[in-house]
Every structure is written in structure tokens, then in C-alpha cells.
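Since the structure comes first, as C-alpha cells, the remarks are kept for the end.
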Amino acid sequence: MWPTNSAPQPGTGSSIRAFIQAGDPINGTGGGSFTTTDHNFYVQDNVLVRPNFTVNLGVRYELQTMPKVQRANPLVPQTAKFNTDKNNFGPRIGFSWGIGGGQKQVLRGGYGIYYGRTSNSSLFAALFQNGLFQQSFFFRGSFCGAPAAPNIVFPQPSGAPSFTPIFGASGPTPTSTFPTVAAFLAACPNAGASAVVTALDPHYVNPLVHQFDLAYERALPGNMSFTVSYVGSRGNRLPTFLDGNLPAPDTTATYQVTDFSGKTSVITVPFFSGNVPRPNPNVGVVLMGKSVINSWYHSLVLQLRRKMTHGLSFDTNFTWSQARDNGQVAGVNGTFAGTDTPLNPYDLKAEYGLSDLDIRRRFIFTTYWEMPFANWTQNDTMKHVVGGWRLSSIWRVQDGRPVTAFMDDLPSCNSGDGGPTCGLVSSFGSADVGRVPFIARNSLYTSPGLFYYRSAHRPAIQAT
């Protein structure tokens with residue numbers, strides 16, 4: 001369950017603003033098990049074209065077999081079967097060219113197609129959060145069965161810890177309004193049609209990325225080397241979860257916006273009024289996994305390295321990069337049924353902007369030093385005291401990530417979804433507030449940067 005209302009005051013019995021609770025009428029525990037099998041085959045050949053020019057050729061084939069559906073939801077045909085993606089061939093090519101004599105310079109490059117897995121967390125959600133095993137319900141204060149805070153609708157699974165007073169020793173203890181999920185549905189028969197169903201699109205496939213790089217490396221005095229590289233990637237078929245049971249926007253909504261200076265402007269956005277029936281009227285939100293997100297990454301990398309010489313080595317690099325996409329789900333939201341809450345799921349191009357994972361500049365320095373102090377004394381006792389000490393250190397400095405400006409509230413939406421367009425749902429399938437519609441995604445704010453430092457001094461173990 002996931003309440004989104006503010007904390008209730010003791011004894012007030014305040015109504016909720018929004019509330020989500022899931023029940024498991026089949027297993028009763030909210031759990032389930034399944035297996036997947038991965039097959040991977042790889043062939044590679046290295047061709048020495050000339051003494052100073054080598055070409056690497058290869059191809060990889062990957063197959064992830066999908067689990068069998070244990071119990072499909074008869075009201076949602078998409079829950080009956082998972083698509084097994086069988087054409088995941090990934091060619092690879094690379095080269096290395098030694099420029100000039102003396103082995104002082106080398107030019108390297110490569111390109112390859114790489115496939116990702118469909119995460120087991122997403123498969124779990126589609127298998128067991130399909131409206132049968134785990135039924136998730138979204139409530140507003142006016143909905144049938146909506147509890148008064150801090151109560152819940154029906155009991156928790158048997159293995160869940162018991163509730164205690166919400167203010168420690170005082171305050172009310174949450175209780176359930178109905179004894180079972182079945183009792184709730186009997187009292188509120190229309191609630192079943194609004195239950196959230198998670199499913200995978202019949203064309204859902206494994207994500208892929210095109211990776212490419214070109215690097216020039218030159219040897220320097222002191223057993224050091226300098227490298228400048230271009231590294232890029234193009235992601236295709238990346239996953240996201242959208243409301244797949246939402247009709248196209250049928251009208252527009254106009255909002256009046258007043259900034260801090262008092263200046264007023266008007267914006268118009270597509271709007272899902274709720275007057276058009278859902279494509280599948282038997283259920284509400286269908287949190288549908290789709291392979292529709294694309295991404296670009298470009299970077300320039302400068303690197304200076306020193307191989308172990310006289311007990312000292314280090315590696316330092318600076319990366320200047322940019323990552324853009326049309327709604328790639330960040331890692332924190334990417335498991336189970338992750339979504340980046342687009343304003344209009346029918347127009348993902350409008351979400352194109354800086355990636356949630358974009359870090360513009362990053363500097364990393366690592367070093368390892370075998371301290372030579374024992375070489376500076378002839379005294380055996382002092383050699384044992386100051387000898388064998390090593391220093392290792394890591395420094396990382398980087399820019400912050402872009403932050404999307406989100407709304408603080410949402411309008412009253414008859415569609416069942418949320419946001420300023422009434423077409424947004426969260427990873428739980430509930431109405432979400434969404435981003436500010438007149439500010440481009442990830443265009444205005446940046447989180448604080450990061451400075452990280454770690455150093456360790458340790459003596460080597462010496463035999464006596």
C-alpha cells in the first residue's frame with residue numbers, strides 16, 4: 001500500500017487525499033516464483049592485416065526465454081503470453097592501428113550491438129500484478145471503500161507485521177475497513193473495473209544499444225601514456241510503462257500561470273477528459289510495458305596513466321558528456337513497472353531532453369604508492385617500522401544530474417489518471433502529479449555535484 005495523503009492528526013479521522021492498496025486473493029502472501037533461461041553464443045576472429053594493423057570481427061547471439069504465464073487475466077488478453085525476442089544478433093567490429101615506428105602511437109576503434117535483459121522484476125510485475133494474483137486499487141476520498149486515515153481497506157498479508165499506534169504510544173492504530181478483498185469488492189462492485197493491471201505489450205522485446213568509440217593513445221616519458229577518446233551510444237527499444245488502456249486525448253485544457261513577478265501567461269495542453277470510454281472497459285489502468293524509448297550518449301574522454309614504476313602508479317581521466325532521451329526510466333524507478341510519467345503517452349517526442357542519468361563533467365583520479373621510506377635507513381628496527389607501507393587513494397568530482405520540475409498538485413481527473421493532462425500514472429498505476437508542462441523535461445534544475453575522496457594506508461604483512 002502507498003498512501004499519498006499528509007499525516008493525519010490524532011483523533012481527527014481525516015479523509016485521505018489519495019491511497020493505493022494491493023491484495024493477493026490467490027497466494028495470500030503477495031509473492032510468487034518463476035524461472036527464466038538465457039542462452040548466449042559468441043564467435044570471434046582476429047585478423048592481422050599488417051604487422052601494425054589488426055581487425056577484430058565477431059558476432060554474438062542472445063536469447064532470453066520468457067516464463068510461462070501461470071494464470072492470465074481473462075479480461076486483459078495481453079496478460080496471456082510473453083513475447084520471446086529471437087532475433088538478437090549483435091555484430092562486433094574493432095581495429096587497432098600502430099601509427100609510425102617505435103610503438104609510440106596507436107589508434108583504436110570499435111562498434112557493436114549489445115542487448116539487455118528484460119528484468120526479472122518487470123516479469124514479476126506482469127506475472128503477479130495482473131489483476132488476479134495481486135489486485136491493486138487506487139482510491140480518492142470520494143471513492144467507494146476509501147478508508148479514513150490512517151486505516152486501510154482490507155487486511156494485510158498474513159506474514160506482514162502487525163500495526164501499532166501511528167504516534168508511538170498514542171494515536172489511533174490502523175484497522176481494515178473490510179475483512180477481505182472479496183468483501184470489499186462485494187460492497188463496491190465497480191471497484192473491480194478500476195483495478196490496476198500490469199502487462200507487457202505483445203511486441204515487447206529486449207532493449208539494445210549501439211556502442212561505438214574511437215581512441216588515440218600516445219606513449220609519454222616516465223612510463224606514462226595519454227589517451228583521447230570519443231565514446232558514444234545509441235539506445236533503442238528501451239522499456240517504459242504507460243497506461244495502455246487510455247484513449248487518445250479528446251480535447252485540450254488551458255491553464256493560467258502566474259510567475260513570482262506577477263506576470264501571467266496562458267498554456268494549452270492536450271487533455272484526457274474521461275468522456276471517451278477506455279479501449280478495454282472491463283478494467284481501469286493497464287500499466288503496459290512498451291519497448292519505445294530511444295537515447296543518445298556522446299562523450300569526450302581524456303586520460304593520463306602511469307604504469308607501476310618505482311612503486312608508483314596512477315590513472316586519471318576527465319569525461320565531458322551529454323545524454324539525451326525521450327523518457328528513459330532512471331535506475332531508481334526502473335525496476336518492476338518503472339515510468340517517467342510523460343505528459344502525453346501518445347506523444348513521447350515531447351519528452352525528448354536531457355536524460356535523468358546525464359552527468360555533464362566527471363573527473364576521477366586513482367593512485368597506488370608503495371612508500372619507499374624503508375630504503376632511506378640502514379637501521380633494521382626502523383626498516384620494520386617504516387617499511388612495507390602502501391597508500392591507495394580515489395578522488396571523484398562530478399556535476400549533478402538534471403532534475404525535472406514536478407507539479408505540487410493535480411486537477412480533478414475523470415479519466416482516472418493524473419497530471420495536468422489527466423493522462424499520467426505512476427509506477428503503481430495511480431494518478432501522478434507529473435512535470436510542469438511549460439518547462440521542458442530536465443531543462444531547468446540540476447542537483448548538487450559530488451565530491452568523493454577515499455584514502456587508505458596499510459602496511460604489508462612481513463614474514464619474520
Net charge of Cβ neighbours under 15 Å - reference Gly141; Lys, Arg +1; Asp, Glu -1:
+1
Square roots of five times the Cα gyration tensor eigenvalues for the chain, Å:
51, 29, 25
What translational diffusion coefficient, to the nearest whole µm²/s, does segment 331-452 have by Stokes-Einstein, given a Kirkwood radius computed over alpha-carbon pairs, a temperature of 10 °C and 1.306 mPa s viscosity?
85
Restricting segment 214-318 to trypsin sites (Lys or Arg not before Pro) in coil, as DSSP defines it, with at most 11 other Cβ within 10 Å
Lys263
Please tell me the relative contact order of segment 284-385 in percent, rounded to the nearest whole number, where contacts are Cα pairs under 8 Å and at least six residues apart.
29
Obtain the nm distance between the two label points defined at Arg234 and Val257 by a simple spin-label model: each point lies 7 Å from its Cα along the Cα-to-C-beta direction.
3.3
Taking R0 as 56 Å and r as the Cβ-Cβ distance between Ser162 and Ala80, the FRET efficiency 1/(1 + (r/R0)^6), rounded to the nearest 0.05, comes to 0.90
Let me know the shape class of segment 185-265, please: from the alpha-carbon gyration tensor, a ≥ b ≥ c as square roots of the eigenvalues, rounded when a/c is under 1.5, otherwise prolate if a/b is greater than b/c, or oblate.
oblate
Please give me the summed charge of the neighbours of Arg324: other residues whose Cβ is under 14 Å from its Cβ, Lys and Arg +1, Asp and Glu -1.
0
Could you please state, rounded to a whole Å, how far the C-alpha centre of segment 216-250 is from the C-alpha centre of segment 409-459?
21
Along the Cα-to-C-beta direction of Asn375, a point sits 7 Å from the Cα; which residues of segment 296-329 have their amide N less than 11 Å from that point?
309-312
What is the Cα radius of gyration of segment 230-356 over 2.2 N^0.38 Å, N being its residue count?
1.59
Cα-based Rg of segment 119-224 normalised by 2.2 N^0.38 Å, two decimals
1.93
Placing unit charges on C-beta atoms (Lys and Arg positive, Asp and Glu negative, everything else neutral), compute the dipole magnitude of the chain about its Cα centre in debye, rounded to 20.
1380
For segment 291-306, just list the computed ³J(HN,Hα) in residue order, Karplus coefficients 6.51, -1.76 and 1.60, θ = phi - 60°, integers in Hz, with x standing in for Gly and Pro.
9, 9, 9, 10, 9, 10, 9, 10, 8, 10, 10, 10, 9, 10, 10, 10
State the answer as a single residue: which of Met371, Thr175, Asn414 lies farthest towards the positive end of the charge dipole of the chain, with beta carbon charges of +1 for Lys and Arg and -1 for Asp and Glu, about the Cα centre.
Met371
Simple spin-label model, 7 Å along Cα-to-Cβ: Phe89 to Ala186 in nm?
6.0
The aspartates and glutamates whose Cα lies under 19 Å from the Cα of Lys307, excluding any fewer than 8 residues away in the same chain, are Glu217, Asp315, Glu370
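Just so you know, all these numbers are worked out from the coordinates, no wet-lab data involved. All values derive from a computational prediction rather than experimental measurement. Neighbour counts run over all protein chains shown; Cβ positions are idealised from the backbone, glycine included.
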